[in-house]
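> Sending over a structure as structure tokens; questions will come in a sec.
The values are calculated or read from the model by the stated rules, or taken from the named source; none is laboratory data. These figures come from a predicted structure and were not determined experimentally. All Cβ positions, glycine included, derive from the backbone under ideal geometry; neighbour counts span all protein chains shown. Remember, those area values only see protein heavy atoms, side chains included, never the ligands or the DNA or RNA. Shrake-Rupley method; radii C 1.70, N 1.55, O 1.52, S 1.80 Å.
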Amino acid sequence: MAQLAAHTYAVRPRRTAARPRLALIARPRQERSIVPFAALITLILVATLAAMLVLNVSMTQTSYEITRLQEQDIALSQQAQALREENEMRSKPQELEKRARDLGMVPVQDVAFVDLANGRVVGDPKPAQPAAPGAADKQLIPPADLPRAVPERGASQPLYDYGMGNEGRD
Amino acid sequence: MRSGATAVRTLPAEPHRRHRLVLIGIAIFALLLGGRLIWVQGLNSAELSEKAVQARTVERTIPALRGDILDTNGNVMATSVLRYDIWVDQRQVGDYRANDDTATETGVKAAAKQLAPLTGMSVADLEKKLTGKAGFQYIIRNVEPSERDAIMALDIPGIGADRATERIYPGGMVGANVVGFVSSDGQALGGTELSWDEHLRGQDGHTTYERGAGGQVIPSGSNTTKDAVDGQDVVLTIDEDIQHRAQEIITAKVKEWNGTGGSIVVIDTATGDIVALAEDPTFDPNQPAKAKPDLLGNQSISNVFEPGSTGKLFTMAAALEEGVTTPSEKHTVPYSKEFKGHQVRDSHQHPTQYLTTAGVLKESSNVGTVEIANRMSPKTRYEYLRKFGLGQPTGLPLPGESGGILHKPENWTGRTEFTTSFGQGYAVNAVQVTSAVGTFANDGVHVRPRIVKGVKDAKGVLRPTQKQQADRVVSPETAATMRQLMDNDVPDNPDSNAHVPGFAVGGKTGTAQVPDGTYTASFIGMAPMDDPRYVIGVFVYGLPAYFSGNTVAAPAFADIMSYTLHARRVTPSGKDGVELDNTWK
């Protein structure tokens, strides 16, 4: 028995190749691409620039819009002024007198009053007589000596006047 | 390894050298550019951007809009409107339609033809204005916006338009003496325009902004604005319609009787408001250059004259107040009488008359008046005249008022002591004397006249002027008696020149001789006599012969009083006028 035991030993397989050195390591890391980050940064940059662009464009557009509305405002104010002037001129005593005379009316000669309480007429009204020629048919106070508007031709739209003063062909 | 060929060609210079030269060239160029960039952006940036800002910065005055002048009902008597001045750069006109193949004419000729119907100027005139080398020449000024639009639509090179403001007076001559006028560049020169200029002109503003190529405001540029403060509107007490009618009447009267001029003053007795202050001759403030220079003022306050018989009213009032006479006191009045060596005569020969005090006033007897006046000292009479507001300016806020002439009683030498009792020997202006007579309508209190009702603030609310000064001159009883005397003066029947149908009228005529040989005819009266609302004075100056106040002025008075009462909706009360005893034998 002892002999058996003495001659029993593990048979080591003979290695022909070099033995790889193995070690226990963690699972390999997935390599992170830089693209998304770069894309994000680029996106932010582009978005910012775009926003600035949009703002600037919007501001400029608004500025043009303001100018257009100012023109409109001026055009309407001019219209309103012209109408106001015309209204004032037409309601002046001289204009009214002229138009009345043109219609053949004469200045009142007798004035009478009606008492609304009892219907009584105070005064002695008579039908108006046509004015004697040369006497009351002349208008003594002429209308205002203003140049009358020349009939307009050409533009129906007012031209650019940015409202800040002078303009010309430059 | 060299080949066998013996001809050794010289190799061209090695490209490396050329390359290097080019590279050096580029490098130098880049260096220069880089240097310039650093210079512009880094070192000199401040100065250059400063220049750029200056180039696009625009400074403009924002003109303040001048306030309007309105009548008591808000009708516009003076206003500022937008107009344009059309100018030309003569050097550019030649290009008009130069590239247009269909044009039969080009340049100045064509432009003049197009502009003529729009401007109302002749083609020849326009050609002259458009020809030359001037860079700036006015063609026509103060055109309306619609005209300017039409002119600019022609697209004539070199034609431009400047904004301008023009002051217009839609009523023309009506109220011109009160409203006043401005110069062609907007400076106030007379009337209310001048006296109230401080309120009317406002304050100019200022704006600075950066301008784009098309003229727009650059929104992100610097932008400062100080707003203009527009002028305030001034509201007068004048009623435009009554003013117009008064002007018509006085113009007709002056013409009819060949006077040199005339005035009508209409005052609301309760408030002292001057409802109308008309005169002839006058001017159109839209064209002040066309008027005679001495007509550009207000003759009704600057001209003084002796009131004549209307002055008897003040003597009578003083006598009644002092208690030295009563309306029914009996007098024996010859045509002529001597006082202290001076002969006083009545205006017309008459046998001795037996008149009451009321009759003395009605007949306008100088002799009778002096007899009554002599019961008071000159000093007393002088004080009453002063209390009535004579001899001092009324204080109207209009330029050029004369306070009249009233010498101190110590200087009433010789004839003057007596003539002052019948309205000669002192001088008044039309407003002064009319306002003084208004005292009797106001229960004996003299209210100073006013012509400006108030000023509108920024919100359009009227801020009235201060209340007028009021002084008691005579007692209410004396004032009532004076009204009776004046009522008695004017018979309320159609035969009387001063008669107003439906109303009791009171007043006094006046005819004064002026040292230069002409006469002033006047009539001052009030209505309705039971409660007078208006006092009106009519004055015609420079009459070539003796035409009495009754003949000349009284009918005009009836006309304007009638119009005023109707316009102001005063209804007849139905009460008859007062008649007193004028004679006693």
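> Based on the Cβ-Cβ distance from B:H206 to B:Q392, what FRET efficiency comes out when R0 is 60 Å, to the nearest 0.05? Kindly include the intermediate steps, with their values, before the conclusion.
Working: r = 45 Å, r/R0 = 0.75.
My answer for the efficiency is 0.85.
> Grab the other residues whose beta carbon is less than 14 angstrom from that of B:T106, score K and R as +1, D and E as -1, and report the net. Write out the running numbers ahead of the final one.
Details: positive: B:R97, B:K109, B:K113; negative: B:D95, B:D100, B:D101, B:E105, B:E127, B:D155.
Net charge in that neighbourhood comes out at -3.
> Do any residues of region B:221-258 show a loss of at least 10 square angstrom of accessible area between the isolated chain and the full protein assembly, using a 1.4 Å probe, and if so which?
Residues shielded by partner chains are B:E240, B:D241, B:H244, B:Q247, B:E248, B:T251, B:A252, B:K255.
> Averaged per residue, what accessible area in Å² does the protein assembly as shown show with a 1.4 Å probe, protein chains only? Don't skip to the end; give the middle numbers.
On the way: 41480 Å² over 755 residues.
Ligands and nucleic acids excluded, the result is 55 Å² per residue.
> Go through region B:23-34 residue by residue and turn each phi into a ³J(HN,Hα) via Karplus (6.51, -1.76, 1.60, θ = phi - 60°); whole Hz please, and just put x for glycine and proline.
Computed from phi, the couplings for region B:23-34 are 4, 4, x, 4, 4, 4, 4, 4, 5, 4, 4, x Hz.
> Follow-up. Pull up the DSSP beta bridges for chain B and report the antiparallel fraction as a percent, rounded to 5.
Numbers: 80 of 83 bridges.
Percent antiparallel among DSSP bridges in chain B is about 95.
> A further question follows. Around B:M561, what is the net charge, scoring Lys/Arg as +1 and Asp/Glu as -1 over all other residues with Cβ under 12 Å from its Cβ?
Working: positive: B:R245, B:R533, B:R568; negative: B:D559.
So the environment of B:M561 carries a net charge of +2.
> Right, another one. Which net charge results for the neighbourhood of B:G132, defined as the other residues with beta-carbon distances under 12 angstrom from its beta-carbon, given Lys and Arg at +1 and Asp and Glu at -1? The partial results should precede the final answer.
Values: positive: B:R91, B:K128, B:K129, B:K133; negative: B:D89, B:E127.
Around B:G132, the charge tally is +2.
> With the crude spin-label approximation of a point 7 Å out along Cα→Cβ, what separation in nm comes out for B:F339 versus B:T165?
With each label placed 7 Å out from Cα toward Cβ, I get 5.8 nm.
> Carbon and sulfur together cover what percent of the accessible area of region B:215-310 at a 1.4 Å probe radius? Show your work: numbers first, answer last.
On the way: 1740 of 3480 Å².
On region B:215-310, the fraction of accessible area on carbon and sulfur atoms equals 50 percent.
> So if we plug the beta-carbon distance of B:V22 and A:S63 into 1/(1 + (r/R0)^6) with R0 = 41 Å, what FRET efficiency do we get, rounded to 0.05? Can you show the working numbers first?
On the way: r = 48 Å, r/R0 = 1.16.
After rounding, the FRET efficiency stands at 0.30.
> Next question, about the same structure. Carbon and sulfur atoms: what percent of the 1.4 Å accessible area of region B:84-125 do they account for?
Values: 940 of 2170 Å².
The computed percentage sits at 43.
> What is the extension gain from B:D125 to B:F29, computed as 0.36 nm multiplied by their sequence separation minus the C-alpha to C-alpha distance, in nm to one decimal?
Extending this stretch completely gives an extra 28.5 nm.
> If you don't mind, another one. How about region A:79-124: which of its residues lose at least 50 Å² of accessible area in the presence of all protein chains relative to their chain isolated, using a 1.4 Å probe?
A:Q81, A:E85, A:E88, A:K92, A:P93, A:F113
> Still on this model: Under 5 Å between amide hydrogens, which residues at least 5 positions from B:A527 or on another chain qualify, with H placed 1.01 Å from N in the peptide plane?
Those qualifying (amide H under 5 Å, at least 5 residues apart or on another chain) are B:R533, B:Y534.
> Spin-label point model (7 Å from Cα, Cβ direction): what's the B:N99 to A:A50 distance in nm?
Taking the simple label geometry, B:N99 and A:A50 are separated by 4.1 nm.
> Which whole-Hz ³J(HN,Hα) couplings does region B:294-306 yield from phi under the Karplus relation 6.51 cos²θ - 1.76 cosθ + 1.60, θ = phi - 60°, glycine and proline marked x?
Values per residue, Gly and Pro as x: 7, 9, 7, x, 10, 5, 5, 10, 9, 8, 10, 8, 7 Hz.
> Beyond a 20 Å Cα-Cα separation, which of these cross-linked pairs lie in this structure: A:K92/B:K290; B:K312/B:K508; B:K128/B:K290; A:K98/B:K453?
Details: A:K92/B:K290 22 Å; B:K312/B:K508 9 Å; B:K128/B:K290 25 Å; A:K98/B:K453 30 Å.
Exceeds cut-off: A:K92/B:K290; B:K128/B:K290; A:K98/B:K453.
> For B:R450, enumerate residues with amide H under 5 Å from its amide H, sequence gap 5+ or separate chain, H modeled in the peptide plane.
B:D273, B:I274
> Under a point spin-label approximation (7 Å from Cα along Cα-to-Cβ), what is the A:V106-B:L37 distance to one decimal in nm?
9.6 nm
> Could you run the Karplus curve 6.51 cos²θ - 1.76 cosθ + 1.60 with θ = phi - 60° over region B:465-474 and give me ³J(HN,Hα) per residue in whole Hz, x for Gly and Pro?
Result, rounded to whole Hz: 6, 4, 4, 6, 5, 10, 10, 7, 9, 9.
> Straight-line reach from A:K126: which aspartates and glutamates fall under 12 Å, measuring Cα to Cα and dropping same-chain residues less than 8 apart?
A:D110
> Let me ask something else about it. What accessible surface, in Å², does a 1.4 Å probe find on B:T520, ignoring ligands, DNA and RNA and rounding to the nearest 10?
10 Å²
> Over both sides of the B-A contact, add up the buried accessible area with a 1.4 Å probe and give it to the nearest 100 Å².
Values: alone 28840 and 17090 Å², together 41480 Å².
Chain pair B/A: roughly 4400 Å² of buried accessible area.
> Among DSSP beta bridges lying fully in the protein assembly as shown, give the percent that are antiparallel, nearest 5. Please list the in-between numbers first.
Working: 84 of 87 bridges.
Close to 95 percent.
> Compute the FRET efficiency between A:I41 and B:A134 as 1/(1 + (r/R0)^6), taking r as their Cβ-Cβ distance and R0 = 56 Å, and round to the nearest 0.05. Before the final figure, lay out each step's value.
Details: r = 63 Å, r/R0 = 1.13.
With R0 = 56 Å, the Cβ-Cβ based efficiency is 0.35.
> Percent of accessible area on region A:34-105 owned by carbon and sulfur, 1.4 Å probe?
Working: 3720 of 5310 Å².
The computed percentage sits at 70.
> Still on this structure, I have one more. Rounded to the nearest 10 Å², what accessible area does B:K379 have for a 1.4 Å probe in the complete protein model?
120 Å²
> Can you tell me, using C-alpha contacts under 8 Å and at least 6 residues apart, the relative contact order of chain B as a whole percent?
Working: 1237 pairs, mean separation 80.1, N = 585.
Reported as a whole number, the value is 14 percent.
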